[in-house]
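To start, the structure under review is shown below, and the notes come after it.
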Amino acid sequence: MAELTNLESKLGEVVGLAMAAQEAGQKVARLAKEEGNEEVVSTLETMRDQAKETEERGTEVAGAFEGKKTAILEEARDVKGKAQQMMKTYLDEAADTLDGFEFLTMAEAGEVGHWEILSTLNERARNSHVSELVGWALPIQQQHLQTVRATSLKLAAEENPDEPAE
């Protein structure tokens, strides 16, 4: 297996997080659908589609690293597995839509951070493929974070603070 640079490893991480985001969006959409919140489901479907495109674009950029695509994608699958484990721990059988959006808020904040780190690493590496990918993906990730945060707060405002927790 090829040894990865910090830049290549971070690229693998953002691709893995995009993979995991698709599954997380699907899980939270299922919770929202069960509660009849179709507006939230539609938002999550859009975000999931964008995560899929991010994965595809990131995979394409990984292919631009001579002899490293397999190793970068292995890093991506490893990160995806870690993120899936976190989701399973956080979103247990009792989870509701608000729990789902609380999880997504943490996940999206992590994704934004990873993309910003990739961007910073690329300031010295000056890889045009990575630069183009970051320029496209970072604003989308920032919007995702803003969306899930706002939705979390909206859902929290609808909760009865005096009702017993489940």
Query raised in the report: Taking a threshold of 19 Å on the Cα-Cα distance, which of the pairs 27/82; 33/80; 52/80; 10/69 fall above it?
Result: 33/80
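For residue 125 and residue 84, compute 0.36 nm times the residue count separating them, minus their Cα-Cα distance, and round to one decimal in nm. Intermediate results must be reported in sequence, preceding the final value.
Numbers: separation 41, 0.36 × 41 = 14.76 nm, distance 3.04 nm.
Between residue 125 and residue 84, full extension yields an extra 11.7 nm.
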**Report entry** Only Lys, Arg (+1) and Asp, Glu (-1) charged, at Cβ; region 1-106 dipole about Cα centre in debye
**Finding:** 300 debye
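If packing is taken as the average number of other Cβ atoms within 10 Å across a peptide's residues, how do 17-27, 104-114 rank, most packed first? Show your work: numbers first, answer last.
On the way: 17-27: 22.2, 104-114: 19.8.
The peptides rank, most packed first, as 17-27, 104-114.
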Query - Positive-end residue, region 42-166 charge dipole about Cα centroid, Cβ charges, pick of 89, 127, 71 - result: 127
Report summary line: Asserting the computed 222 nm helical MRE of the chain (DSSP H runs at least 4 long, -39500 (n - 2.57) per run, divided by residue count, to nearest 500) equals -29500 deg cm²/dmol
Query raised in the report: Which of the aspartates and glutamates could be linked to residue 68 by a straight reach, that is with a Cα gap under 20 Å, when you skip same-chain ones fewer than 8 residues away?
Result: 3, 8, 13, 55, 56, 60, 78, 132
Requested in this report: In whole Hz, with x marking every Gly and Pro, tabulate ³J(HN,Hα) for region 115-127 from phi via Karplus 6.51 cos²θ - 1.76 cosθ + 1.60, θ = phi - 60°.
Outcome: 5, 5, 5, 4, 4, 5, 4, 6, 4, 8, 6, 6, 7
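Sort 117, 72 so the one with the fewest other Cβ atoms within 10 Å of its own Cβ comes first. Before the final figure, lay out the partial values.
Details: 117 15, 72 25.
Ordered by Cβ neighbours within 10 Å, fewest first: 117, 72.
The numbers here are math on the coordinates, done by the rules we state, and not lab data. Remember, predicted model here, so these are calculated numbers, not experimental data. Here the Cβ is made from the backbone with ideal geometry for all residues, glycine too, and neighbour counts use every protein chain on show.
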